[in-house]
Each structure stands twice: as C-alpha cells, then as structure tokens.
Amino acid sequence: MSGYGPDEWAERERLDHIAQQHDEDRVAKERELEGRLSVLEAEVGAAEVNVWRKRAEEAEAALEAAEDLAARQRQDDRAELAEAEAQIRTANAAIARVRALHVNEYGSCAECTSVHSALWPCPTIVTLDQSGEPS
Ligand SMILES: [Zn+2]
C-alpha cells in the first residue's frame, strides 16, 4: 500500500520545487555577497595602499626639508667660520702692528721711551704677552 495519494505527490513535488528554488536563491545570494566582499576587499586594500603611499610621500618631503635645513646650516656654519677667521686675522694683524712699534732697543722700549722712559718690556708688551681671555 503506497503512502502517497495523487494530492500528496503533487504537494511533495511542490515542496521539492520550493526547496530547490531556495537552494538556487541561496547560491545566487552567496555569489553576490562574495562578489561584493571582493569589491570591498579591493577597496580597503586600495585605501590602505593610498594611506601608505601618502605616508611615504610625507616622509620623503620631511627628509628633503631636513636635508635642505642641514645644507643651509652647513652654509651658515661655513660663513660663520670664515667670518671668525677674518676677525682673527684682523686682530693678529693689529697685534703685530703694536708689537712692531714696541720693540726692545738697548734694554728700553723704542716706542714708550720717547713718552715716558719705560724699561723693556714696556707695559704694552707685558699686556700683550698676558695669556688668557679678557675678563
Ligand atoms: Zn712700549
């Protein structure tokens, strides 16, 4: 004795058809979602790449600015050094001129003896010979 009458077969077929339709819909939905996901992943990936590219550009710009600053600093240092060397040459020349005036002449200073009879070394030479920084 069969368990199914014609109505029951029809109902079973209808339910099978609905189940199959559901499966097809589910597969289609999954495919659609997978497609969307890969699009999102690609977008997120591109966004992240852009972030890193921007950071790399910023780092490069910062490096360039630092190199420019260092180059300017070196130029300033060279200019300062050249100025200091010029000042030293000027001061040494002045000292040499003073020393040329105040020379030992028979135990007296050639320059100072005419003003006040100063023995050698005169106060000017003693002062020039003093070492150390001015106070
Ligand atoms: Zn003198």
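Read the figures in this text as sums done on the coordinates, not as results from a lab. Because the structure is predicted, anything quoted here is derived from the model rather than measured. For neighbour counting, all protein chains shown are included, and Cβ atoms are generated from backbone atoms with ideal geometry for every residue, glycine included.
Assigning unit charges at the beta carbon (Lys, Arg +1; Asp, Glu -1) and nothing else, what dipole magnitude in debye, to the nearest 20, does the chain show about its Cα centre?
Around 1360 debye, computed over the chain.
Tell me, what is the FRET efficiency for K54 and R26 to the nearest 0.05, using R0 = 35 angstrom and their Cβ-Cβ distance as r?
FRET efficiency, K54 to R26: 0.25.
By how many nm would the segment from A93 to A65 grow when fully extended, if each residue of separation counts as 0.36 nm and the alpha-carbon distance is taken off?
Extra length available between A93 and A65 comes to 5.9 nm.
For S108, what residues show an amide H to amide H distance below 5 Å, using hydrogens built from the backbone and excluding near sequence neighbours?
W120
Grab the DSSP H runs of the chain that are 4 residues or longer, score each as -39,500 (n - 2.57), total them, divide by all residues and round the 222 nm result to the nearest 500 deg cm²/dmol.
-29000 deg cm²/dmol
Projecting each Cα onto the charge dipole of the chain (Lys/Arg +1, Asp/Glu -1 at the beta carbon, about the Cα centre), which of T124, C112, A84 comes out farthest on the positive side?
Checked the options; the winner is C112.
Taking the 0 to 90 degree range and rounding to the nearest ten, how far is the long axis of helix 6-101 tilted relative to the main principal axis of the chain, both from C-alpha atoms?
That works out to roughly 0 degrees.
Quick one: if the Förster radius is 35 Å, what FRET efficiency do N104 and Q75 give, using the C-beta to C-beta distance and rounding to 0.05?
0.15
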